[in-house]
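Okay, so here's the structure we're looking at.
The values are calculated or read from the model by the stated rules, or taken from the named source; none is laboratory data. It should be emphasised that the depicted structure is a prediction, and the values quoted were computed from it without experimental measurement. Using ideal geometry, Cβ is built from the backbone for each residue, glycine included, and neighbour counts are taken over all protein chains shown.
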Amino acid sequence: MSTSSIEATSIPQPQRPWRQAKRAWRQAIVMLVVSVVGATLLMQVTGLAGVIGSYVAFALVFPVVAFLASMKYGKKAGQDKMASAIICLAFGTAFMPWMSILFTVFNRGREAFYSGFLTTDMLVNSSDQPLNMGGLSHAIVGTLILIFIASMVAIPLGIITAIYIVEVKGRFASYARFFTQAMSGVPSIVAGLFIYTTIVVVVFNRFNALAGGLALAILMLPTVARTAEEVLKLVPDDLRAASYAMGASQFSTVFRIVLPTVRSGLVTASILGVARVAGETAPLLLTSQYFVQLTTNILDGPMASLPTYIFANLGAGSDTSVARAWGGSAVLMSIVFILFVTARLLGGRNTKSRH
Amino acid sequence: MESTDLKQREIVIRRGLADRIFRRAMATGAILSLSLLALIASFLLFRGFEVFRDFGFSFITSAKWDSGSADGVTPASFGIAAMLVGSVVTAIIAITVALPFAICVALFLEYYAPSFIRKPLTAVLDLVAAIPSVIYGIWGYTILNNLAAGWAKSLNSWFDWIWFFKVPAPIFTRSPFIAGLLLALMILPITTSVAREVYSQAPRDQIDAAYGLGGTKWGAIRSVVMPFGRSGLVGGAMLGLGRALGETVAVYLVLNLVFKINLQILASAGGNVASLIATRFSEATPYELKGLMAAGLVLFLVTLAVNATATLIVNRARNTA
Amino acid sequence: MNESSIQKTESEMILPGIQQGVTMATEDHTNRNADNLQVNGSTGLEVRNVHAWFNKHHALADVSLHFPQNTVTGLIGPSGCGKSTFLRLLNRMHEFIPKAAMAGEVLFNGEDIYSPEVDPTEIRKRIGMVFQKPNPFPSMTIAENVLAGPKLAKVKVENKDELLEDCLTRAGLWKEVKDRLKASGSSLSGGQQQRLCIARALALNPEALLLDEPCSALDPGSTLRVEETIVQLSQTMTIVIVTHNMQQAARVSDYCAFFLSDGGPGQLVEADLTTNIFSNPGDQRTADYVQGRFG
């Protein structure tokens, strides 16, 4: 037997018999058509209408059709197909509102943009004036200042807490761990109230940005601490052992070996913390409030921020002010997204944010 | 070898000065962040004490919130019952809507999604978890409010024989139902991510065993994955509940603040404790401010209790996995 | 104490001819003699009636052993017999395991390293350690890894370049890495990483070196290079090596100590010249183990 005939006869083509055949695709198309017809009938009966109404009708009919179509393989198979249909539909449904939010924010936000939107403040313009006057430079600067203050407090404190939990393993480590976790659920307004009663009322006797930054720090702390804790836990004990085996103290082990090893992870933890608080509104209403002018004095008087800018313009109620609110939302959303993507790129896949 | 007469040596670890300072410093920082919770509670109690003293238990049970007239003719009266009920109602609507979706999204991502879209979808889910609440608020205020008012109208016309779907007047905007839907959307990411985490830890060999016995995918999920993830799911739902209870601006923007206990979820009246504080804060008299502090304390304790329980449950689910 | 009685019988059984054969190998070595393994209060590393616990679990019972200066001692025995625990007791790494406890004495040049006055970091500086898995610091370059010890332990170094070259040469790695000292430590192969870890341990100029299965993660070629390095190093320092590989123990060690656990705490069955352990063990269990009948 020659080699060529061996190749021709005995080497089979690779096949994947478990893949869906063309017949299955045809069946799927038939199911879709039947579901659409069924949904149209259902809409006639129930009075569901509009885009969302037709989607709801389809979502109700499709699983039933899927069930019936697979019944010929038995009840089990029918249930299986129906479950798949429901799960996929529910997934699609859940993502729709988010897509709507993202679309609306950037679509409506576009209206407010003009060349000076990012570079002027609202000192000489009122929010119901035409959209080619005034802007939100004061809010952007204010948000950056507030975030900076919050970071100065929350990042060191959060990382120290994580070091205490993972490295020092002190007496209170399990409590610190549990309460930083539970702390992430503290309502933001409560953090605002707390800073108001202490910093605003007692220390300065006036609203100011420092108080706002501290309120944000309270909310940022648990995110930084929890994420940093997860990051530190990723450092293999081998490295610590190697360091100790060379006579290193715990101090140098942590600062020269452990922390440099997870530098990017800690940056990620910090960025996630910032992203968590960049859009916080409620605590700022009670601490730094809103102001129309670009200010940089953190100790005296209210300061604008993007969330309070959105809130104030929405409250003003005129068409142009609502448009400004959408514009502010688009800017805020972009900032949060940029932070988030940066965190992902730096942290890679092994940094997981914790709640 | 008898170990009874053996004396274990205590290993004395003499730490260097740098280490002692280091450990002390880290402990101080950790205890500082730990004590924040206690500080928050005690300051709010300190500021709100007067109101607790003056109104006692009726601060919780009364629905009347009145700062009184400046001349003192109408006395001030503070009770947060309506707001507490409102918080609970909106939070329950939120979790009722969000939980089935969270389960489905988690199952989809873990067991149904083709592997090439799993990663991007997870990233998108993380991303939407970071959408600020004020943006949910403005979207809810302008888009969802009108949409969901229509749905509410339909619900009311079909189901008005159920008492909580009745309405006193045909106004369907800014209702607990709409606030609940918005909150559902806001807590969906966190509940989903907990669900996903516990579902992903379901033992692979048991799933294979279910397949091996001729089970379908859904059969394997129902008999192995879902029972395995149940306790973690409860924890995730409670985490979501805690978030929903404490949300401020989003609820403020889509809910009509009315000081009356309202269980008719489609009616345009309700409130929650957090939005009460945000609403009344700017115009509050000094005495009312104390009332808001007291309300803040109640909110803080409730959410802390919910969160602590949820954290315990989720941690246990993580550890047993 | 059955341990010491076993050892005593062993030492009586040793044939003089074998002793001589080994001692002749290098002149500057201590006289290789099974009596050296007896606790006698002399220099080197010495262990007296040591026990170890993890919480309530008694992991190691009543080990007494002497590691003579400038020799290589192999610790052999099946998994779970307490070899690694024993090794970590020798430079106070044992205490990093939560709820660990010990009893007995570990003397280093006559000084009890577990005495409360002793600074454990000082002990670890003088008794270096190399671990099972190569663990170079990922945040550091090759050069930084080697010099990490002096930096971490706050030891002043006169001439860093000289120390760097010296350590890498002694670890048998200099030729391979001298052109890329600035590369990351994790860019090396497994075997190179392990030799880098040895170089790193050498930078503190330790008097003793503990190796915990240093070759278990390496391929045969790298293993051979590391073994050569160990033999070289033994001319200037006391080496204790845990190994699962009988051939390795036979190749590199002067003495061997066989540990075994019969379900209870791990115990020292016997310790002797390596040649004796392999050719003429005093205990049937040792014979069974080295001939591969269990373990």
Exactly one of C:Glu144, C:Glu105, C:Glu158 is free of Cβ contacts under 8 Å to residues at least 60 places away in the same chain and in a helix (DSSP H, G or I), and that one is C:Glu144
Considering every residue within the range A:266-274, establish whether at least one is β-branched (Val, Ile, Thr), within 14 Å of chain B (Cβ to nearest Cβ) and more than 24 Å from the chain's Cα centre (by Cα).
-> no
Picked from the range A:200-226 (must be over 25 Å from A:Ala162 (Cβ atoms) and β-branched (Val, Ile, Thr)), the residue surrounded by the fewest Cβ atoms within 10 Å (Cβ to Cβ) is A:Val202
Count of residues meeting criterion [surrounded by 14 or more Cβ atoms within 10 Å (Cβ to Cβ) and free of Cβ contacts under 8 Å to residues at least 24 places away in the same chain] in the range C:167-177 | 3
Counting only helices (runs of 4 or more DSSP H) wholly inside the range A:242-355, the ones holding at least 2 residues that are of a type in the set (S, T, N, Q) and either within 30 Å of C:Glu144 (Cα to Cα) or not assigned by TED's automatic domain parsing to the domain that holds A:Ile165 (or both) are A:263-278
Taking only the range A:240-258 into account, find how many residues are within 7 Å of chain C (Cβ to nearest Cβ) and under 33 Å from the mean Cα position of the chain (by Cα).
-> 2
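Results for (1) over 28 Å from B:Gly48 (Cβ atoms); (2) modelled with pLDDT under 90; (3) among the aromatic types (Phe, Trp, Tyr), shown as yes or no for each residue.
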{"position": "A:Phe207", "(1), (2), (3)": "no, no, yes"}
{"position": "A:Leu210", "(1), (2), (3)": "no, no, no"}
{"position": "A:Leu214", "(1), (2), (3)": "no, no, no"}
{"position": "A:Leu219", "(1), (2), (3)": "no, no, no"}
{"position": "A:Ser243", "(1), (2), (3)": "yes, no, no"}
{"position": "A:Thr253", "(1), (2), (3)": "yes, no, no"}
{"position": "A:Ile257", "(1), (2), (3)": "yes, no, no"}
{"position": "A:Val274", "(1), (2), (3)": "yes, no, no"}
{"position": "A:Val277", "(1), (2), (3)": "no, no, no"}
A:Ser288 passes all but one of the listed conditions (1) within 14 Å of chain B (Cβ to nearest Cβ); (2) within 26 Å of C:Ile97 (Cβ to Cβ); the exception is number (2)
Restricted to the range B:14-34 and to residues being at the interface with chain A (Cβ under 7 Å from one of its Cβ atoms), within 30 Å of C:Gly104 (Cα to Cα) and part of a helix (DSSP H, G or I), the residue farthest from the chain's Cα centre (by Cα) is B:Ala18
Only one of (1) basic (Lys, Arg); (2) within 14 Å of chain A (Cβ to nearest Cβ); (3) within 15 Å of C:Val72 (Cβ to Cβ) does not apply to C:Arg251, and that is (2)
Which listed residue, of A:Ser174, A:Ser100, is farther than 25 Å from A:Leu286 by Cα, within 14 Å of another protein chain (Cβ to nearest Cβ), surrounded by fewer than 19 Cβ atoms within 10 Å (Cβ to Cβ) and under 24 Å from the mean Cα position of the chain (by Cα) | A:Ser100
Does at least one position in the range C:216-235 carry a residue that is touching a residue at least 24 places away in the same chain (Cβ under 8 Å) and under 17 Å from C:Cys81 (Cβ atoms)?
-> yes
Go over the candidates B:Ile11, B:Ile60 one by one and state the one that is surrounded by fewer than 16 Cβ atoms within 10 Å (Cβ to Cβ), in contact with an Asp or Glu (Cβ under 9 Å, 6 or more places away or on another chain) and either within 14 Å of chain A (Cβ to nearest Cβ) or hydrophobic (A, V, I, L, M, F, W, C) (or both).
-> B:Ile11
State which residue is farthest from C:Leu173 (Cα to Cα) when the search covers only the range C:137-160 and only residues that are in contact with a Ser or Thr (Cβ under 6 Å, 6 or more places away or on another chain) and surrounded by 19 or more Cβ atoms within 10 Å (Cβ to Cβ).
-> C:Leu152
Could you tell me whether any residue of the range B:178-196 is in a helix (DSSP H, G or I) and away from chain A (no Cβ under 14 Å)?
-> yes
Condition test on C:Gln132, is it of a type in the set (S, T, N, Q), touching an Asp or Glu at 6+ places or on another chain (Cβ under 9 Å) and closer than 24 Å to C:Gln69 by Cα?
-> yes
Say whether the condition of being among the hydroxyl-bearing types (Ser, Thr, Tyr), more than 19 Å from B:Leu304 (Cα to Cα) and surrounded by fewer than 17 Cβ atoms within 10 Å (Cβ to Cβ) is met by at least one residue in the range B:26-47.
-> yes
State whether the residues of the range C:255-273 include one that is among the acidic types (Asp, Glu), in a loop (DSSP other than H, G, I, E, B) and more than 14 Å from C:Thr73 (Cα to Cα).
-> yes
Hey, does the range B:67-80 have a residue that's outside any loop (DSSP other than H, G, I, E, B), over 30 Å from A:Thr93 (Cβ atoms), within 13 Å of another protein chain (Cβ to nearest Cβ) and not β-branched (Val, Ile, Thr)?
-> no
For the range C:182-189, does any single residue satisfy the condition of being of a type in the set (A, V, I, L, M), touching a residue at least 24 places away in the same chain (Cβ under 8 Å), more than 14 Å from chain A (Cβ to nearest Cβ) and within 24 Å of C:Arg126 (Cβ to Cβ)?
-> no
Which of (1) aromatic (Phe, Trp, Tyr); (2) surrounded by 15 or more Cβ atoms within 10 Å (Cβ to Cβ); (3) over 22 Å from B:Leu245 (Cα atoms) is the odd one out, the single condition B:Trp161 does not satisfy?
-> (2)
Only one of C:Thr121, C:Thr73 is of a type in the set (Val, Ile, Thr), part of a helix (DSSP H, G or I) and crowded, with 22+ Cβ neighbours inside 10 Å, namely C:Thr121
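Given the criterion crowded, with 24+ Cβ neighbours inside 10 Å, modelled with pLDDT of 90 or more and either touching a Gly at 6+ places or on another chain (Cβ under 7 Å) or over 20 Å from A:Thr287 (Cβ atoms) (or both), identify the matching residue among A:Pro187, A:Pro156.
Going through A:Pro187, A:Pro156 in turn, the sole match is A:Pro187.
Out of the residues in the range C:56-84 meeting the condition of being within 14 Å of another protein chain (Cβ to nearest Cβ) and among the polar types (S, T, N, Q), tell me which one is farthest from C:Leu233 (Cα to Cα).
This residue is C:Ser64.
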Residue, farthest from B:Pro203 (Cα to Cα), within the range B:104-123, restricted to residues that are more than 8 Å from chain A (Cβ to nearest Cβ) and under 22 Å from the mean Cα position of the chain (by Cα) | B:Thr122
Looking at (1) modelled with pLDDT of 90 or more; (2) among the hydrophobic types (A, V, I, L, M, F, W, C); (3) surrounded by fewer than 23 Cβ atoms within 10 Å (Cβ to Cβ), find the lone condition where B:Leu182 falls short.
-> (3)
Taking the range B:112-140 and keeping residues surrounded by 19 or more Cβ atoms within 10 Å (Cβ to Cβ) and closer than 18 Å to B:Val198 by Cα leaves B:Ala113, B:Leu125
Is there a residue being without any contact (Cβ under 8 Å) to a residue 12 or more places away in the chain and within 13 Å of chain B (Cβ to nearest Cβ) anywhere in the range A:105-117?
-> yes
